[in-house]
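The values are calculated or read from the model by the stated rules, or taken from the named source; none is laboratory data. Everything quoted here is computed from the prediction, not taken from an experiment. Cβ atoms come from the backbone with ideal geometry, glycine included; neighbour counts cover every protein chain shown.
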Amino acid sequence: MKLITSAANPAYRRWLRLATVPRAVRAEGATLAEGLHLAAAALAANAAVEAVLLRRGERASEVAALVAQTTPAPVYELSAELFDRLGLVERGVGLALVLRLPTVAAPPAAGDAIYLEGVQDPGNAGTLLRLAAAAGVRQVYAGPGTAALWSPRVLRAGQGAHFRLQLDEDVALDSLPTRLAGPWIGTVVRDAPPLWETALPAGPLGWMFGSEGQGLSAPALARCALRVRIPLAAAVESLNVAAAAAVCLFERQRRLSAPSTR
């Protein structure tokens, strides 16, 4: 185990960039997963562990057990000040894994997929990934302008969902026909039939979810074979993008589990 106490250490400077600069995650092909839950999910998925970071002075038995599973990855103990500067989570257990990003698989999605257009909030992006995994969706495409899906903040919001999904980032709208055999459905707030009254294809389909402020762009909607809206009470203008996705994805699952209903 190597102790690091200087912020000038080259390795630490790289980890700090990964923790604080989302574009560095894509550039470096690595990220930071903080805490027992994410570390356990990463190890269960056989994620490539580049290094283990520990906060000096804190060591729980659960942390020791996880560290033992990361062999032969090098273990670094950071001074409390340096570990806290990473800003991963307040009052955590003092454990973070440096992970190599997985290789993106190129084949089209075999089942349902979702496409995120301009979803910029890391919390929303991570929650959408968690919802996709919970609803049995395996393939997630993210368009330009969407939060970096493997950034530490999105990882934290995803709560391990990343390791159960195929994630493909910076995907242009023009490439979508080659990535999904079925149609795409756009979610909008008006000028579309209610989801409850819309017949959904039996085969694979894709859901498009747009940015928090503007929703789906005109080019994205042009790629959609169907548009649906979620009926809301008169005084409510719209739903949070993650809430809207939850309604759509689980309505889809409800129908798949009861094929005799619409």
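Once segment 55-100 is narrowed to residues that are assigned to a helix (DSSP H, G or I), of a type outside the set (Lys, Arg) and at pLDDT 90 or above, the residue that is surrounded by the fewest Cβ atoms within 10 Å (Cβ to Cβ) is Glu81.
Of all the numbered requirements in (1) hydrophobic (A, V, I, L, M, F, W, C); (2) at pLDDT below 95; (3) buried (at least 24 other Cβ atoms within 10 Å of the Cβ), Leu149 misses one, and that requirement is (2).
Within the set Phe209, Phe163, the sole residue that is out of contact with any Cys (no Cβ under 9 Å at 6 or more places or on another chain), of a type outside the set (Gly, Ala, Ser), closer than 17 Å to Arg138 by Cα and modelled with pLDDT of 95 or more turns out to be Phe163.
Yes or no, residue by residue, for (1) in a helix (DSSP H, G or I); (2) over 11 Å from the mean Cα position of the chain (by Cα); (3) in the same structural domain as Met208 (by TED's automatic domain parsing); (4) of a type in the set (Gly, Ala, Ser):
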residue: Leu129; (1), (2), (3), (4): yes, no, yes, no
residue: Tyr141; (1), (2), (3), (4): no, no, yes, no
residue: His162; (1), (2), (3), (4): yes, no, yes, no
residue: Leu167; (1), (2), (3), (4): no, no, yes, no
residue: Asp174; (1), (2), (3), (4): yes, yes, yes, no
residue: Gly182; (1), (2), (3), (4): no, yes, yes, yes
residue: Ile185; (1), (2), (3), (4): no, yes, yes, no
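For the residues Ala41, Ala73, the requirement of being within 30 Å of Leu205 (Cβ to Cβ) and either in the same structural domain as Asn9 (by TED's automatic domain parsing) or in contact with a His (Cβ under 7 Å, 6 or more places away or on another chain) (or both) singles out Ala41. What about Trp196, is it surrounded by fewer than 17 Cβ atoms within 10 Å (Cβ to Cβ) and either among the aromatic types (Phe, Trp, Tyr) or not assigned by TED's automatic domain parsing to the domain that holds Ala142 (or both)? Against the criterion (surrounded by fewer than 17 Cβ atoms within 10 Å (Cβ to Cβ) and either among the aromatic types (Phe, Trp, Tyr) or not assigned by TED's automatic domain parsing to the domain that holds Ala142 (or both)), Trp196 qualifies.
Tallying residues that are among the aromatic types (Phe, Trp, Tyr) and modelled with pLDDT under 85 within segment 101-117 yields 0.
Restricting to segment 1-54, and then to whatever is in a helix (DSSP H, G or I) and among the hydroxyl-bearing types (Ser, Thr, Tyr), can you tell me which residue is nearest to Pro74 (Cα to Cα)?
Here is the first cut: in segment 1-54, the residues in a helix (DSSP H, G or I) are 10-20, 22-28, 36-44.
Applying the additional criterion that residues be among the hydroxyl-bearing types (Ser, Thr, Tyr) yields 12, 20.
Values: Tyr12: 13, Thr20: 22 Å.
Top of the filtered list is Tyr12.
Every condition in (1) crowded, with 20+ Cβ neighbours inside 10 Å; (2) closer than 19 Å to Pro102 by Cα; (3) modelled with pLDDT of 95 or more is met by Tyr12 except one, and the failing one is (2).
Among the conditions (1) modelled with pLDDT of 95 or more; (2) more than 24 Å from the chain's Cα centre (by Cα), the only one that Phe250 does not satisfy is (2).
Of the residues making up segment 234-261, those that are under 15 Å from Val188 (Cα atoms) and small (Gly, Ala, Ser) are Ser238, Ala242, Ala243, Ala244, Ala245, Ala246. Among the residues that make up segment 220-237, is at least one of them aliphatic (A, V, I, L, M), out of contact with any helix residue (DSSP H, G or I) (no Cβ under 7 Å at 6 or more places or on another chain) and in a helix (DSSP H, G or I)? Yes - at least one qualifying residue is present in segment 220-237.
Based on what the data block shows, is Ser151 among the hydroxyl-bearing types (Ser, Thr, Tyr) and more than 22 Å from Arg227 (Cβ to Cβ)? Answer is yes for this residue.
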